[in-house]
Amino acid sequence: MEPRVGFGYDLHRLVAGRRLVLGGLEIPYAKGLAGHSDGDCLIHAIIDALLGALGQGDIGQLFPDKDPEYKDVSSLRLLREVVAKVRALGFEISNLDSVVVAERPRLQPYFPEMKRILGRVLGLKSGELSLKAKTNEGVGPVGKGQALACWVVVAVGKKAKAGRKKA
Ligand code: MG
């Protein structure tokens, strides 16, 4: 295996009149994430981490937010396209770790369902996919509940080419 690591970060504003979609799951809450797509901050950070591991640019280059095709699009659809790209380049995802920073709502109860949804798309088992929640201790826009931020690290591996002998 040839291990590679990728890192992703994203932040979206929490605003009234939007559905809150995170990790592919709709969460009941008074506000939702602003964005050209469904605003799924966690999936956007996952996509950037995957693209980073492959040296393939970032989400904005692949899915421009001026493109009407991506207006209100499900970020899960974008993630499926990126995972297909990962596999087409001969890589498999090894594991994923993440931190979601939100003052409200409490996200922990939704993690099992999010892991099921994301695990299916990423081809990861429960122990290979980690979601962690933190608050921002009331500090800054995230702490005031005006935004939600996500940090993601992924490891991907490429199987050694057939016929290549070990040194
Ligand atoms: Mg985003």
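The values are calculated or read from the model by the stated rules, or taken from the named source; none is laboratory data. Keep in mind that this is a model prediction, so the values were computed, not measured. Here the Cβ is made from the backbone with ideal geometry for all residues, glycine too, and neighbour counts use every protein chain on show. Just the protein is used for accessible areas: all its heavy atoms, side chains included, with ligands, DNA and RNA removed. Shrake-Rupley method; radii C 1.70, N 1.55, O 1.52, S 1.80 Å.
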Filter the range 86-111 down to the residues that are in a strand (DSSP E or B) and either over 30 Å from Lys31 (Cβ atoms) or open to solvent by 30 Å² or more (accessible area, probe 1.4 Å) (or both) and list them by number. Phe91, Glu92, Ile93, Ser94, Asn95, Asp97, Val99
Identify, from the list Gly123, Gly143, Gly119, the residue that is open to solvent by less than 60 Å² (accessible area, probe 1.4 Å) and more than 16 Å from the chain's Cα centre (by Cα). Gly143
